[in-house]
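Single-structure report; data block below.
The values are calculated or read from the model by the stated rules, or taken from the named source; none is laboratory data. Given the structure is predicted, the values throughout are model-derived calculations rather than measurements. As a convention, Cβ positions derive from the backbone with ideal geometry for all residues, glycine included, and neighbour counts pool all protein chains shown. Calculation scope for accessible area: heavy atoms of the full protein, side chains included, ligands and nucleic acids excluded. Shrake-Rupley method; radii C 1.70, N 1.55, O 1.52, S 1.80 Å.
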Amino acid sequence: MTATNPDSHSGLETGSGLTSPVEAIRDEILKRRRFLITSHARPDGDSIGSQLAMAFALDALGKEVRIVNADAAPDHYQDFPGMDRIEIATRVERPDVDAVIVMECSELGRTGVAGLEHQFLVNIDHHAGNQMYGAVNWHDEASAACGEMVFDVIQALGVELTEEIATHIYLAILTDTGSFHHSNITPRTFDICRQCVEAGVTPAVMARRVFDSNSFGKLKLIGALLDDMELADEGRLAVLHLDDDMLAATGSTNNDTEGLINLPLTAREIQAVVFFKVTQTGEVRVSMRSKYDVDVRKVASEFDGGGHKNAAGFTVSGPLEAVQAGIVQRLVGAIAAGLQARP
Ligand code: 5GP
Ligand code: MN
């Protein structure tokens, strides 16, 4: 397996010539002692897995590590190793560290953590449109999960793939590929997963922990959401709505909403899903998922959001009635373009 992808944004000039981003990150980590690790607000499995795998690797090198996230992770991640190490804060006063490792963030602002601006930033990300805001940057859109990139960094550091580290790398990949559904999966994805399994990860246990840990409230919420689902574009687009009343009526919480957006995609005809969540402040949080070549990131980028071809999102000021039609119209266009591209 090659450590770096040739398509990655490459290289930093060093005294000895051109260094790959993964080598540059290794070198900067090895010469520093105290680290702060962060990732995007509302963390998902990839951000949790990438951060904790990196934290355990830095532990193995005898480094000091803090992890700071703006929001707590969903409940079903709380039993994973090291979760108690994550501090929840939206500002860090005088971090007093030698470097901040930012993962999964196309811009520093995606962290939702203020106070990191003037630190030595190491930027590791696989989202399109990364702003290259770090002192060292590794941006590889070809990686199916940021966890794949962290795997390469850990290997470059010469740290053994322990069961704890492997658990978090596998968690990152399992969740960010939509349980091996998205179109950015490569042989490398499986090669890394194979090594994780050899290091002690049990795929069945991971799948049950991540996907089969629903509360009863969540099951009821699934029923209510699907009951309320609207179809557009002759059944090719599913439109879901969620608000706090629905959570209350089904006995569920915001914590129970992860993954719900994927449900309509299990219908053969449906090519894309848009999920509208009206927040307490009246803003509308928009999440989108798609199959094959239907590019929802393009739609997100028109609204200052981002993500990947098959999973993207953004936030707009409401009201919902004013924005929904325009978003649906753009998605119908994305579906037409994606279907045309399909062989
Ligand atoms: P989700 O729908 O699960 O919130 O996000 C799907 C993907 O889109 C994730 O990779 C996430 O990082 C990205 N994403 C979601 N919302 C935003 C946003 O507002 N801005 C950017 N840049 N990316 C987003
Ligand atoms: Mn990711």
Handout entry: Within the accessible area of the chain (1.4 Å probe), percent carbon and sulfur
Key = 49
Fill in the blank from the handout: When the charge dipole of the chain is computed with +1 on Lys and Arg Cβ and -1 on Asp and Glu Cβ about the Cα centre, the Cα farthest towards its positive end, among Ala70, Pro319, Gln271, belongs to Gln271
Handout entry: Qualifying GluC sites (Glu not before Pro) for segment 243-297 [loop in DSSP, other Cβ within 10 Å: at most 16]
Key = Glu269
Problem - Net lengthening on full extension, Asp84/Ser183 (0.36 nm per residue, minus Cα-Cα) - result: 32.3 nm
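Give the accessible surface of the chain per residue, rounded to a whole number of Å², with probe radius 1.4 Å and ligands, DNA and RNA excluded. Mind showing how you got there, number by number?
Working: 15390 Å² over 343 residues.
Here the per-residue accessible area is 45 Å².
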Practice task
Output the peptides 167-177, 85-95, 51-61 sorted from most to least packed, where packing is the average of other Cβ atoms within 10 Å over each peptide's residues.
Solution key: 167-177, 51-61, 85-95
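As an exercise, use a Förster radius of 35 Å and the Cβ-Cβ distance of Ala248 and Glu163 to find the FRET efficiency, rounded to the nearest 0.05.
Working: r = 40 Å, r/R0 = 1.15.
Rounded to the nearest 0.05, the efficiency is 0.30.
Listed highest first by mean packing, meaning other Cβ atoms within 10 Å per residue, what order do 101-110, 226-235, 245-254 come in?
My ranking of the peptides, most packed first, is 101-110, 245-254, 226-235.
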Exercise for the section: Extending each Cα 7 Å along its Cβ direction at Gln280 and Ala267, get the distance between those two points in nm, one decimal. Expected result: 3.3
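Quick one: if the Förster radius is 45 Å, what FRET efficiency do Thr202 and Ala336 give, using the C-beta to C-beta distance and rounding to 0.05?
Details: r = 42 Å, r/R0 = 0.94.
It comes out at approximately 0.60.
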Handout entry: Added length on full extension, which subtracts the Cα-Cα distance from 0.36 nm per residue, Ser213 to Glu117
Key = 30.8 nm
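Under the definition of Cα pairs under 8 Å and six or more residues apart, what whole-number percent is the relative contact order of segment 100-182?
Details: 111 pairs, mean separation 18.5, N = 83.
Answer for segment 100-182 is 22 percent.
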Completion exercise
Mean separation of Cα contacts under 8 Å (at least 6 apart) over the residue count of segment 12-211, i.e. the relative contact order in percent, is 23
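Rounded to the nearest 20 Debye, what is the dipole magnitude of segment 216-341 about its Cα centre when Lys and Arg each give +1 and Asp and Glu each give -1 at the C-beta? Intermediate results must be reported in sequence, preceding the final value.
Values: 12 positive and 17 negative charges, 95 e Å.
In debye, rounded to 20, segment 216-341 gives about 460.
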